[in-house]
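Peer 1: Starting off with a structure, shown below.
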Amino acid sequence: MKKLLTVSILGLALAAGTTQARDYDHVRFGVDVPYEPMEYRTPEGELTGFDIELGNALCAEMGVTCEWIEQEWDGIVPGLMARNYDAIMSSMTINDERRQSLLFSDPYITMPGAWFAPAGSDLEEANEETLAGLSIGVQRGTTYDSYATDAFGSTANVNRYSTADDMMLDMEAQRLDIVFLEFAVGQSTLLDSDAGDFKVVGEMVTEPAEIFGEGFGIAFRQRDTALAERFNEALATLKEDGTYDEIYERYFGEE
Amino acid sequence: MELVNWFNELLAGNLIFTPQTLGYYWNGVVTTTQLVFLSLLVGLVMAVPLSILRGSKHRWIKLPIYAYTYVFRGTPLLIQLYIIYYGVVFVDGIQQTFLWPLLREAFYPALIAFTLNTAAYTTEIFHGAIKATARGEIEAARAYGMSDRMMMRRIILPSAFRRALPAYGNEVIFMLHASAIASVVTLMDITGAARFVYARYYAPFEAFLFAAAIYLCLTFAILYFFRFLERRLLAHLRPQN
């Protein structure tokens, strides 16, 4: 009798366990904080950022509760495998190497590059013709360096800087006509600062994918295909009903 | 044509050393050579009168030159480069002057910094050599009734330059190596090319070893040039037979 009870309790527990694992009414995210503006803490200590807000909105859409578990970057994939959390939403770029061990959602954001020039500049478009012979500033070794070098290296002067600060100094000094960097970084260091008046020139750049990658995705364990599918559906819904745009604009301004 | 084929075959399957990156290295060699050669040339021309005046009896001639060499030998070249490159833009209205087209480029601020630096060292090298002129030579010149000017031109300088040659050869090599810092102000010299290749392909060993090999070749060229000069100009000091 006693044995039967134990077995049935165990069975129940197992059943409950597997149901939870399959349906996930509670999703735990692993996240590496801080990485502004994607994930960081406010001065009050509250966790926020683009990933956090979008993740919470996705959970709300799916009708599940969610929880954020902080994990340093180098242990973030092992933590997922050890079931410390069920997903990683921490500005993780999707690539083939990671696909070997992880399952990715659809990309939820690509970090665009953008051209910034002094407000007084008469540049309106950034293309081979308008940039010919000008001095372009980039940060050495970044995605943006590769793009500018490949696209304009033969027609314009690409000046490479170790830090964004050095580049800003030369921009103010009028040594550079235009700089190319991650839009979010340019926004916080150029547009929102009091260093001077700057403007965005032309369109955001996210192509080609070999350089800019496929964007950031939510990572799951390989077998959680159902969960990934639910997140993809929720993401599509949020993009349609405008919630996504609202969060995006709060962090990155008008697209 | 055959050469091009041979070259392409040599590079086949190599992900890092493509014709494009080798082009960067080649431009780096050109930039480094121009920078070092021009700064040494101008520095040398400056150093000759400065080293003579450095030994002047008048305090107001001697002291400013001493202060100049002291400052430029007493501070790192990197700091001097930063001050000149980033410092000039804090001069109000510099962008409107005729100097700006030159100062806007990274090349000329770097050239100015390198020139001032090497001129300071060279001045001290020559000054030391002038001071070491054998007393007997000077007395002999005086006995011939030479004026100071003529003595300087005919006796002191020719022997001082010969004495200074080995030390100056070292200065030239140091200058070549010091020029590696030019890449911090965006110049694509040899080191700049190496840093670019490193950042692009995440291949520090290949990128920097190749740069090091180029510097070695240049150093050997300088070394042999000075050895040749010493052989010619210091022939009288070599043991006979």
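The values are calculated or read from the model by the stated rules, or taken from the named source; none is laboratory data. Note that this is a predicted model, so its numbers are computed, not measured. Glycine gets a Cβ as well: all are built from the backbone with ideal geometry, and neighbour counts include every protein chain shown.
Peer 1: Six or more apart or on different chains, Cβ under 9 Å: which pairs go from a residue in the range B:206-235 that's closer than 17 Å to B:Ser159 by Cα to one that's among the polar types (S, T, N, Q) and part of a helix (DSSP H, G or I)? Could you list them?
Peer 2: B:Phe226/B:Asn170
Peer 1: Also: For residues in the range A:58-70 being in contact (Cβ under 8 Å) with a residue 40 or more places away in the chain and of a type in the set (A, V, I, L, M), which is surrounded by the fewest Cβ atoms within 10 Å (Cβ to Cβ)?
Peer 2: A:Ile69
Peer 1: Just a yes or no: is a residue in the range A:204-215 away from every other protein chain (no Cβ under 14 Å), more than 28 Å from A:Thr130 (Cβ to Cβ), surrounded by 14 or more Cβ atoms within 10 Å (Cβ to Cβ) and of a type outside the set (Ser, Thr, Tyr)?
Peer 2: yes
Peer 1: Return only the number of the condition from (1) modelled with pLDDT of 95 or more; (2) crowded, with 16+ Cβ neighbours inside 10 Å that B:Cys217 does not satisfy.
Peer 2: (2)
Peer 1: Within the range B:99-122, is there a residue that is farther than 30 Å from B:Glu230 by Cα and charged (D, E, K, R)?
Peer 2: So far as the range B:99-122 goes, yes, one or more of its residues are farther than 30 Å from B:Glu230 by Cα and charged (D, E, K, R).
Peer 1: Which condition number does A:Phe220 fail, the rest of (1) out of contact with any helix residue (DSSP H, G or I) (no Cβ under 7 Å at 6 or more places or on another chain); (2) more than 14 Å from chain B (Cβ to nearest Cβ); (3) closer than 28 Å to A:Val77 by Cα; (4) not basic (Lys, Arg) being met?
Peer 2: Unmet for A:Phe220, out of (1) out of contact with any helix residue (DSSP H, G or I) (no Cβ under 7 Å at 6 or more places or on another chain); (2) more than 14 Å from chain B (Cβ to nearest Cβ); (3) closer than 28 Å to A:Val77 by Cα; (4) not basic (Lys, Arg): (1).
Rundown of residues vs (1) assigned to a loop (DSSP other than H, G, I, E, B); (2) closer than 30 Å to B:Ile83 by Cα, yes/no style:
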position: A:Met168; (1), (2): no, yes
position: A:Asp194; (1), (2): yes, yes
position: A:Lys199; (1), (2): no, yes
position: A:Met204; (1), (2): no, no
position: A:Glu207; (1), (2): yes, no
position: A:Glu210; (1), (2): no, no
position: A:Ala234; (1), (2): no, no
position: A:Leu238; (1), (2): no, no
position: A:Tyr244; (1), (2): no, no
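Peer 1: Still on this structure: It is to be established whether one or more residues within the range B:6-22 are closer than 30 Å to B:Ala167 by Cα and loosely packed, with under 15 Cβ neighbours inside 10 Å.
Peer 2: no
Peer 1: Let me ask something else. Whether any residue in the range B:189-197 is within 14 Å of another protein chain (Cβ to nearest Cβ) and among the polar types (S, T, N, Q) is what I want to check.
Peer 2: Yes, there is a match, as at least one residue in the range B:189-197 is within 14 Å of another protein chain (Cβ to nearest Cβ) and among the polar types (S, T, N, Q).
Peer 1: Of everything in the range A:169-200, what is surrounded by fewer than 20 Cβ atoms within 10 Å (Cβ to Cβ), among the hydrophobic types (A, V, I, L, M, F, W, C) and away from chain B (no Cβ under 14 Å)? Give them in sequence order.
Peer 2: Once the filter is applied, which keeps residues that are surrounded by fewer than 20 Cβ atoms within 10 Å (Cβ to Cβ), among the hydrophobic types (A, V, I, L, M, F, W, C) and away from chain B (no Cβ under 14 Å), the range A:169-200 yields A:Ala184, A:Val185, A:Leu191, A:Val200.
Peer 1: Could you check how many residues of the range A:154-168 are surrounded by fewer than 17 Cβ atoms within 10 Å (Cβ to Cβ) and within 11 Å of another protein chain (Cβ to nearest Cβ)?
Peer 2: Summing the residues that are surrounded by fewer than 17 Cβ atoms within 10 Å (Cβ to Cβ) and within 11 Å of another protein chain (Cβ to nearest Cβ) in the range A:154-168 gives 4.
Peer 1: Condition check: assigned to a helix (DSSP H, G or I), of a type in the set (Ser, Thr, Tyr) and more than 14 Å from chain A (Cβ to nearest Cβ). Does B:Thr21 satisfy that? If you could, list the steps in order and put the result at the bottom.
Peer 2: On the way: assigned to a helix (DSSP H, G or I): yes; of a type in the set (Ser, Thr, Tyr): yes; more than 14 Å from chain A (Cβ to nearest Cβ): no.
Criteria not met by B:Thr21.
Peer 1: Grab the helices (runs of 4 or more DSSP H) fully contained in the range A:71-153, keeping just those with 2 or more residues being within 14 Å of chain B (Cβ to nearest Cβ), free of Cβ contacts under 8 Å to residues at least 40 places away in the same chain and not polar (S, T, N, Q).
Peer 2: In the range A:71-153, A:143-152 are the helices (runs of 4 or more DSSP H) which contain 2 or more residues that are within 14 Å of chain B (Cβ to nearest Cβ), free of Cβ contacts under 8 Å to residues at least 40 places away in the same chain and not polar (S, T, N, Q).
Peer 1: Moving to a separate point now. Are any residues in the range B:85-132 of a type in the set (Asp, Glu) and part of a helix (DSSP H, G or I), and if so, which ones?
Peer 2: Once the filter is applied, which keeps residues that are of a type in the set (Asp, Glu) and part of a helix (DSSP H, G or I), the range B:85-132 yields only B:Glu124.
Peer 1: Working only within the range B:220-241, note down all residues that are under 19 Å from B:Ala178 (Cα atoms) and surrounded by fewer than 16 Cβ atoms within 10 Å (Cβ to Cβ).
Peer 2: B:Phe220, B:Ala221, B:Leu223
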